[in-house]
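One structure is given here, and the rest of the page talks about it.
The values are calculated or read from the model by the stated rules, or taken from the named source; none is laboratory data. Since this is a predicted model, take the numbers as computed values, not measurements. FYI the Cβ positions are ideal-geometry reconstructions off the backbone, even for glycines, and counts take in every protein chain you see. When the accessible area is computed, the model is the full protein with side chains, heavy atoms only, and any ligands, DNA or RNA have been set aside. Shrake-Rupley method; radii C 1.70, N 1.55, O 1.52, S 1.80 Å.
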Amino acid sequence: MAERERRQTPPFGGIFVPHARIMTADDMGRAIRRMAHEVIERNYGLEEIVVVGLQTGGVPVAERLAQSLEDIEGIRPPVGTLDVALHRDDIGIRPVVPEAVTDLPTDLDGRIVVLVDDVLFTGRTIRAALDAVCDFGRPRSVQLAVMVDRGHRELPIRPDYVGKNLPTRRDEVVDVHEVGVDLGVMQK
Amino acid sequence: MATNASAGHFLGIDGMARADLEEILELTTTFAEIGRRPIPKVPALRGRTVATVFFENSTRTRMSFETAARRLSADTIALSAGGSSLSKGESLRDTIEVVTSYGADALVVRHPMAGTAHRVAAWTDAAVINAGDGCHEHPTQALLDCYTLRERRGALDGMRIAIVGDIRHSRVARSDVLAFTALGAEVVLVAPATLLPPAVVGWPVTVAHELDLVLSDLDAVYLLRIQHERITEGLIPSIREYANDFSLTPERANRLPTDALILHPGPTNLGVEISAAAAADSRSVILDQVVNGVSVRMAILFLLLGSNRNLTGGAVEGDR
């Protein structure tokens, strides 16, 4: 989850204190390039792909994945953003922020939607995202790419493309940012 | 999710800080986007019930509150004074208790007496939203007006806005004056002296009695309806004479700056406060106001019912 969101969110509010650098900027770049190759391989190109970043943490990752796809295939897939705050089952616990815009560049009917998030945790964000995506059309398939899968799933959801599998304690926090991935805890 | 034991209310613009207004207006953008989706509906308020309790007629306010509630997946129940037990002599308080007993989480209240929404808020645990109380306030109208102006201009700061017509009986004017000035606009009230409220002296506005003298220097002109139902004495000689001096005719519209906006809260009495041609002018944003009304009311309903927020204070403890 994006640091900004977490800060505003009871009961998690507090300051993020990192205790380990899990991935460096180079590691992230390599993981994203690998995921891009996997997306292309699995879908035989980029023909029907739409890359959708989940607000707010997934948006920069989606942007980088799309850039990587373009570097490899020479065409840029449409990139959109999706805010699932209003589709969540824990509404009221997390804030709805006006900066988190939903902006899908194209009709999703018949497309292959690659949802992108920074951290996969309980799976509840992705559940909400699947509901939201279905309100925008009927994609041929929906796939999931995440920078970090930290386990602790509460729903039957699994990612298709993973930057890094990271075993964590439940109370730890994973922060994906521009120059790396940190593992830490929130402190008051 | 449990019902809020002590819900927040939204009763008026009076007392709201600029930052509070801006927060609601910024959040409204999020809800406006939902209105443009192929399926304009999100499950945010699933299982919540919004009751519209209207003791006065309404087209826009009631329909837009109901539309807003449904776009958020809330259920709606409606009470109209005419068809209810009020006509059998039931008291307001009993009526409110009955509506709340049906599980209403929010009461959208319109009543011809000023202060009714505040009164109702003291009686109930549900969130109370003022949808117009007599000649006092109509806060969601003011928010949608501000949103419409911001949508076109980015900000209200430094805008010069004339509110023209029956200001004395207009709750819209009261809420608008408070909201426009809080957001940095300059407000000119234009009306015959008999249609100005007696207490206008303390308001942060200037007053003019001739529309023709202010037209050329406006960023927006806001026309109000003559409220025949509230005018009990001879405040204007005749509708025709009023229209001569204060109606936005095509000629007067031509004298407005080319980028000035024309607003009206509806319903319009074409030919009285505004001519059909001026209402259809390319600078008229009257239909934008109607569309934005739904988005603003979604934001208010969501803030009160979906986010455990009190609009007049900080965060309320989450129900975990």
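Brief remarks follow.
- In the stretch A:45-66, the residues that are touching a helix residue (DSSP H, G or I) at 6+ places or on another chain (Cβ under 6 Å) and either open to solvent by 40 Å² or more (accessible area, probe 1.4 Å) or among the basic types (Lys, Arg) (or both): A:Arg64
- Selection of helices (runs of 4 or more DSSP H) fully inside the stretch B:206-268 by the criterion of at least 1 residues being among the polar types (S, T, N, Q) returns B:239-246, B:250-255.
Every residue, every condition in (1) basic (Lys, Arg); (2) open to solvent by 70 Å² or more (accessible area, probe 1.4 Å); (3) over 17 Å from the mean Cα position of the chain (by Cα); (4) within 22 Å of B:Asp125 (Cα to Cα), yes or no:
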residue	(1), (2), (3), (4)
B:Ile34	no, no, yes, no
B:Asn57	no, yes, no, no
B:Leu86	no, no, yes, yes
B:Val99	no, no, yes, yes
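- Qualifying residue in the stretch B:273-295 (condition: of a type in the set (D, E, K, R), buried (at least 18 other Cβ atoms within 10 Å of the Cβ), outside any helix (DSSP H, G or I) and within 14 Å of chain A (Cβ to nearest Cβ)): no
- Close pairs from the stretch B:70-92: first over 14 Å from B:Asn57 (Cβ atoms), partner among the β-branched types (Val, Ile, Thr) and open to solvent by 30 Å² or more (accessible area, probe 1.4 Å), Cβ under 6 Å, at least 6 apart: none
- If you filter the stretch B:5-23 down to residues that are out of contact with any Ser or Thr (no Cβ under 8 Å at 6 or more places or on another chain), at pLDDT below 95 and closer than 23 Å to B:Val294 by Cβ, you find that the one that is surrounded by the fewest Cβ atoms within 10 Å (Cβ to Cβ) is B:Glu23.
- Contacts under 9 angstrom Cβ, first residue in the stretch B:40-53 being away from chain A (no Cβ under 14 Å), partner in a strand (DSSP E or B) and among the acidic types (Asp, Glu), 6 or more apart: B:Thr49/B:Asp75; B:Val50/B:Asp75
- Exclusive hit being modelled with pLDDT of 95 or more and farther than 17 Å from A:Ala62 by Cβ, set A:Arg127, A:Arg111, A:Arg94: A:Arg127
- When A:Arg76 is tested against (1) out of contact with any His (no Cβ under 9 Å at 6 or more places or on another chain); (2) within 28 Å of A:Arg124 (Cβ to Cβ), only condition (2) is not met.
- Filtering the stretch A:130-149 for residues that are in a strand (DSSP E or B), open to solvent by 30 Å² or more (accessible area, probe 1.4 Å) and not basic (Lys, Arg) leaves a non-empty set.
- Single residue of B:Glu56, B:Glu26, B:Glu97, B:Glu66 found to be of a type in the set (Asp, Glu), outside the structural domain of B:Pro267 (by TED's automatic domain parsing), in a helix (DSSP H, G or I) and in contact with a helix residue (DSSP H, G or I) (Cβ under 8 Å, 6 or more places away or on another chain): B:Glu97
- Candidates are the residues of the stretch B:174-205 that are part of a loop (DSSP other than H, G, I, E, B) and not small (Gly, Ala, Ser); the one that is nearest to B:Ser284 (Cα to Cα) is B:Leu183.
A quick yes/no check of all residues on (1) modelled with pLDDT under 95; (2) in contact with a Gly (Cβ under 9 Å, 6 or more places away or on another chain); (3) over 18 Å from B:Ile13 (Cα atoms):
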{"position": "B:Val172", "(1), (2), (3)": "no, yes, no"}
{"position": "B:Glu186", "(1), (2), (3)": "no, yes, no"}
{"position": "B:Val190", "(1), (2), (3)": "no, yes, yes"}
{"position": "B:Pro198", "(1), (2), (3)": "yes, no, yes"}
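- Pick from the stretch B:153-173, criterion outside any strand (DSSP E or B), of a type in the set (A, V, I, L, M, F, W, C) and closer than 20 Å to B:Leu25 by Cα, ranking: most open to solvent (accessible area, probe 1.4 Å): B:Ala155
- Set side by side, the residues B:Arg71, B:Arg37, B:Arg119, B:Arg60 differ, and just one is within 21 Å of A:Pro95 (Cα to Cα) and among the charged types (D, E, K, R), which is B:Arg71.
- Among the conditions (1) without any contact (Cβ under 8 Å) to a residue 24 or more places away in the chain; (2) out of contact with any strand residue (DSSP E or B) (no Cβ under 9 Å at 6 or more places or on another chain), A:Asn165 misses just one, which is (2).
- Unmet requirement for B:Leu107, which otherwise passes all of (1) assigned to a strand (DSSP E or B); (2) in contact with a Lys or Arg (Cβ under 9 Å, 6 or more places away or on another chain): (2)
- Any hit, the stretch B:202-217, residues being farther than 12 Å from B:Ile163 by Cα, crowded, with 16+ Cβ neighbours inside 10 Å, out of contact with any His (no Cβ under 8 Å at 6 or more places or on another chain) and not polar (S, T, N, Q): yes
- Subset tally (residues that are away from chain A (no Cβ under 14 Å), in a helix (DSSP H, G or I) and modelled with pLDDT of 90 or more) for the stretch B:71-93: 2
- Residue match in the stretch B:41-50 (condition: open to solvent by 10 Å² or more (accessible area, probe 1.4 Å) and under 15 Å from the mean Cα position of the chain (by Cα)): no
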